[in-house]
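> Dropping a structure here in structure tokens format, bear with me for questions.
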Amino acid sequence: MSSRTVIRGGLVITASDEIHADVLIEDGRIAALAASGTPAAEAWTAERTIDATGKYVIPGGVDAHTHMELPFGGTFASDTFETGTRAAAWGGTTTIVDFAVQTVGRSLREGLDAWNAKADGKCAIDYGFHMIVSDVNQETLKEMDLLVEEGVTSFKQFMAYPGVFYSDDGQILRAMQRSAENGGLIMMHAENGIAIDVLVEQALARGETDPRYHGEVRKALLEAEATHRAIKLAQVAGAPLYVVHVSAMEAVAELARARDEGLNVFGETCPQYLFLSTDNLAEPDFEGSKYVCSTPLRPKEHQKYLWRGLRTNDLQVVSTDHCPFCFVGQKELGRGDFSKIPNGLPGVENRMDLLHQAVVDGHITRRRWIEIACATPARMFGLYPKKGTIAPGADADVVIYDPGAEQVMSADTHHMNVDYSAYEGKSVTGRVETVLSRGELVITEREFTGRAGHGVYTPRSTCQYLN
Ligand code: URP
Ligand code: ZN
Ligand code: ZN
Ligand code: ZN
């Protein structure tokens with residue numbers, strides 16, 4: 001038996017178009033679009049009709065950078081796949097790509113199996129995995145080929161965190177050479193971790209232990225240097241490169257230069273770098289710890305270069321790097337030593353709204369909002385056009401968005417499993433009203449109607465964004 005839903009009267013926005021259209025959904029997929037009020041649209045019958053008059057009808061968000069349950073700094077990110085994907089749905093995101101972790105001395109396969117087990121049967125929305133490569137050796141390189149074939153087509157490496165996730169330049173080059181052959185995409189955490197560790201040690205020796213020193217030792221120049229080095233290594237290997245969580249204007253300049261040379265070099269930034277700054281890190285009474293993440297928040301003057309990069313397409317994607325740790329008992333592990341504060345911010349629920357606020361503020365257009373939050377992440381990570389757009393054949397991952405609703409972000413009302421909001425008290429215009437995932441109602445007029453286990457593992461093809 002087929003099940004049909006029709007969404008009537010909304011403004012359908014994709015990365016390329018804005019049209020007043022009705023959307024027909026059949027068996028979990030978009031079946032057709034037709035201009036509202038036309039005989040073609042009026043002829044559709046369906047078991048369920050959703051009235052979207054005065055609302056936007058947009059593709060579900062694709063958040064290509066989350067860390068549910070990530071082990072870090074002696075603790076675990078506080079959102080499970082169940083709580084984190086439910087919160088994502090509340091915020092209009094219908095696909096996440098999370099990071100499975102290879103432990104040093106273990107195989108990629110063991111890491112991937114462990115993350116599959118954590119997520120299996122728990123997710124409210126669809127999910128895929130990138131693989132964090134912590135131990136580059138001959139076996140790992142062979143395993144990368146197998147993973148690409150299976151749909152894990154992107155690999156994160158770290159130039160930061162010596163002794164934990166860190167890879168040296170030789171390991172990075174080898175992984176890049178392999179990805180040049182097998183079609184994988186290397187995602188780089190670009191910070192010079194060796195130099196940063198020296199500065200951390202020196203700062204602590206001077207008694208500089210507060211959260212704000214986290215931002216001072218992780219210098220913009222050391223992000224720029226690592227970004228430059230990663231680009232050159234990728235160029236030598238003939239591989240594409242995706243730099244994650246770009247925060248420094250100097251790093252944006254490195255990406256822009258590489259792109260002007262025609263290289264397949266891509267950059268992602270996150271809402272925290274667009275809306276928060278070192279002022280937050282400097283908040284008294286250890287409140288600054290709530291804003292400790294890496295790369296770190298930067299002085300406000302960097303923000304305009306990030307916005308510009310998003311407009312010029314020198315930055316292509318906005319993901320959250322959602323990696324929440326509670327203030328009580330988790331962030332507090334770093335009282336008296338900023339280097340022991342678990343790194344990461346919550347945000348999977350806030351991304352679509354904050355980027356809509358950027359539309360309201362005039363930083364980006366509505367279509368660019370959908371491009372950087374839905375379409376490009378889907379193309380970058382091999383999910384398009386199944387995800388990231390509203391077109392016949394695509395999964396019916398659809399958000400009815402009320403562009404005029406006013407809301408105040410707060411831990412009192414959010415759904416992430418974390419005891420603070422990085423945006424506490426921030427007023428934004430626009431709010432998710434209803435969310436469908438493969439045609440099923442996950443959020444219905446601001447009520448959760450989904451279920452753990454609805455979301456399925458989604459294998460990915462290779463990058464669809466190459467020059
Ligand atoms: O501070 C952050 N970004 N935590 C998550 C791990 C990472 O480096 O992405
Ligand atoms: Zn990182
Ligand atoms: Zn350019
Ligand atoms: Zn991350």
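> Going through region 420-467 one residue at a time, which ones are touching a residue at least 12 places away in the same chain (Cβ under 8 Å), in a loop (DSSP other than H, G, I, E, B) and within 24 Å of Ala52 (Cβ to Cβ)?
Within region 420-467, the subset touching a residue at least 12 places away in the same chain (Cβ under 8 Å) is 420-440, 442-443, 445-446, 448, 450-467.
With in a loop (DSSP other than H, G, I, E, B) added as a condition, the list becomes 420-426, 438-439, 445-446, 450-456, 458-467.
Arg438, Gly439, Glu445, Arg446, Gly450, Arg451, His454, Gly455 - these are the residues of region 420-467 that are touching a residue at least 12 places away in the same chain (Cβ under 8 Å), in a loop (DSSP other than H, G, I, E, B) and within 24 Å of Ala52 (Cβ to Cβ).
> Just give me the residues in region 238-254 being within 16 Å of ligand 2 (Cβ to nearest atom) and touching a helix residue (DSSP H, G or I) at 6+ places or on another chain (Cβ under 8 Å), in sequence order. Spell out the reasoning first.
Looking only at region 238-254, we keep the residues that are within 16 Å of ligand 2 (Cβ to nearest atom), and these are 241-248, 251.
Correct list: Leu241, Tyr242, Val243, His245, Val246, Ser247, Ala248, Ala251.
> Consider region 112-134. How many of its residues are of a type in the set (Asp, Glu) and under 22 Å from Cys463 (Cα atoms)?
Filtering region 112-134 for residues of a type in the set (Asp, Glu) gives 113, 120, 126.
With under 22 Å from Cys463 (Cα atoms) added as a condition, the list becomes 126.
Number of matching residues: 1.
> Identify the single condition in (1) within 16 Å of the chain's Cα centre (by Cα); (2) within 14 Å of ligand 4 (Cβ to nearest atom) that Val101 does not satisfy, given that it satisfies every other one.
Of (1) within 16 Å of the chain's Cα centre (by Cα); (2) within 14 Å of ligand 4 (Cβ to nearest atom), only one is false for Val101: (1).
> What is the one condition in (1) over 23 Å from Thr66 (Cβ atoms); (2) surrounded by fewer than 24 Cβ atoms within 10 Å (Cβ to Cβ); (3) within 16 Å of ligand 2 (Cβ to nearest atom) that Ser294 does not satisfy?
Among (1) over 23 Å from Thr66 (Cβ atoms); (2) surrounded by fewer than 24 Cβ atoms within 10 Å (Cβ to Cβ); (3) within 16 Å of ligand 2 (Cβ to nearest atom), Ser294 violates only (1).
> On to the next question. Scan region 400-437 for residues that are buried (at least 18 other Cβ atoms within 10 Å of the Cβ) and polar (S, T, N, Q) and jot them down.
Asn417, Ser421, Thr434, Ser437
> Same structure again: Among the residues of region 207-223, are any at positive phi and out of contact with any strand residue (DSSP E or B) (no Cβ under 8 Å at 6 or more places or on another chain)?
Narrowing region 207-223 to residues at positive phi: 207.
So of that shortlist, the ones also out of contact with any strand residue (DSSP E or B) (no Cβ under 8 Å at 6 or more places or on another chain) come out as 207.
Yes - at least one qualifying residue is present in region 207-223.
> Still on this structure, please answer the following. Please go through region 234-251 and give me each residue that is within 16 Å of ligand 4 (Cβ to nearest atom) and without any contact (Cβ under 8 Å) to a residue 40 or more places away in the chain, ordered by number.
Correct list: empty.
> Just give me the residues in region 48-75 being more than 16 Å from ligand 2 (Cβ to nearest atom), β-branched (Val, Ile, Thr) and in a strand (DSSP E or B), in sequence order.
Within region 48-75, Thr49, Ile50, Val57, Ile58, Val62, Thr75 meet the criteria.
> Would you check which residues across region 44-54 are of a type in the set (Gly, Ala, Ser) and closer than 13 Å to Arg4 by Cα and list them?
Answer for region 44-54, where residues must be of a type in the set (Gly, Ala, Ser) and closer than 13 Å to Arg4 by Cα: just Ala46.
> Restricting the search to region 257-273, which residues are within 16 Å of ligand 4 (Cβ to nearest atom), of a type outside the set (S, T, N, Q) and in contact (Cβ under 8 Å) with a residue 40 or more places away in the chain? Before the answer, list the steps.
From region 257-273, those within 16 Å of ligand 4 (Cβ to nearest atom) are 266-273; that's our starting set.
Adding the requirement that they be of a type outside the set (S, T, N, Q) leaves 266-268, 270-271, 273.
Across region 257-273, the qualifying residues are Phe266, Gly267, Glu268, Cys270, Pro271.
> Glu254 passes all but one of (1) surrounded by 23 or more Cβ atoms within 10 Å (Cβ to Cβ); (2) under 21 Å from the mean Cα position of the chain (by Cα); (3) away from ligand 4 (no atom under 16 Å from the Cβ); which number fails?
Tallying (1) surrounded by 23 or more Cβ atoms within 10 Å (Cβ to Cβ); (2) under 21 Å from the mean Cα position of the chain (by Cα); (3) away from ligand 4 (no atom under 16 Å from the Cβ), Glu254 fails exactly one: (2).
> I'd like to check something: does region 183-206 contain any residue that is among the β-branched types (Val, Ile, Thr), in contact (Cβ under 8 Å) with a residue 12 or more places away in the chain and in contact with a Gly (Cβ under 9 Å, 6 or more places away or on another chain)?
Of region 183-206, the ones among the β-branched types (Val, Ile, Thr) are 186, 194, 196, 198, 200.
From what is left, the residues that are in contact (Cβ under 8 Å) with a residue 12 or more places away in the chain are 186, 194, 196, 200.
Within this subset, residues satisfying the condition of being in contact with a Gly (Cβ under 9 Å, 6 or more places away or on another chain) are none.
No, region 183-206 contains no residue that is among the β-branched types (Val, Ile, Thr), in contact (Cβ under 8 Å) with a residue 12 or more places away in the chain and in contact with a Gly (Cβ under 9 Å, 6 or more places away or on another chain).
> Please determine, by comparing only the residues of region 26-71 that are under 22 Å from Arg446 (Cα atoms) and hydrophobic (A, V, I, L, M, F, W, C), which one is nearest to ligand 3 (Cβ to nearest atom). Quick ask: steps written out before the conclusion?
Going residue by residue through region 26-71, those that are under 22 Å from Arg446 (Cα atoms) are 28, 47-63.
From the residues that got through so far, the ones that are hydrophobic (A, V, I, L, M, F, W, C) too are 50, 52, 57-58, 62.
Values: Ile50: 41, Ala52: 37, Val57: 32, Ile58: 27, Val62: 24 Å.
For region 26-71, the residue satisfying everything is Val62.
> May I pose another question? Consider Thr376 carefully, then state whether it is in the same structural domain as Gly92 (by TED's automatic domain parsing) and hydroxyl-bearing (Ser, Thr, Tyr).
Details: in the same structural domain as Gly92 (by TED's automatic domain parsing): yes; hydroxyl-bearing (Ser, Thr, Tyr): yes.
Answer is yes for this residue.
> Now for a separate question. Any chance you could count how many residues in region 399-408 are more than 12 Å from Trp90 (Cβ to Cβ), among the aliphatic types (A, V, I, L, M) and in contact (Cβ under 8 Å) with a residue 24 or more places away in the chain? Steps first, please.
Restricting attention to region 399-408, the residues satisfying the condition of being more than 12 Å from Trp90 (Cβ to Cβ) are 400-406, 408.
Checking the rest, the ones that are also among the aliphatic types (A, V, I, L, M) come to 400, 405, 408.
In the following step, the residues that additionally are in contact (Cβ under 8 Å) with a residue 24 or more places away in the chain were identified as 400, 405.
So the answer is 2.
> Moving on. For region 43-59, name all the residues that are of a type in the set (Lys, Arg) and out of contact with any Asp or Glu (no Cβ under 8 Å at 6 or more places or on another chain). First the steps, then the outcome.
Restricting attention to region 43-59, the residues satisfying the condition of being of a type in the set (Lys, Arg) are 48, 55.
Listed by number, the list holds a single entry, Arg48.
> Under the condition of being more than 19 Å from His65 (Cβ to Cβ) and hydrophobic (A, V, I, L, M, F, W, C), which residue from region 255-267 is nearest to ligand 2 (Cβ to nearest atom)?
Ala258
> Kindly indicate the residue of region 250-278 that is part of a helix (DSSP H, G or I) and of a type in the set (A, V, I, L, M) and also farthest from Leu185 (Cα to Cα) among those meeting that condition.
Initially, region 250-278 is screened for residues part of a helix (DSSP H, G or I), giving 250-260, 271-275, 278.
Keeping just the survivors that are of a type in the set (A, V, I, L, M) gives 251-253, 255-256, 258, 274.
Working: Ala251: 19, Val252: 19, Ala253: 21, Leu255: 16, Ala256: 19, Ala258: 17, Leu274: 25 Å.
Filtering first and then ranking leaves Leu274.
The values are calculated or read from the model by the stated rules, or taken from the named source; none is laboratory data. Everything numeric here is computed off the predicted structure, so don't read it as measured data. For neighbour counting, all protein chains shown are included, and Cβ atoms are generated from backbone atoms with ideal geometry for every residue, glycine included.
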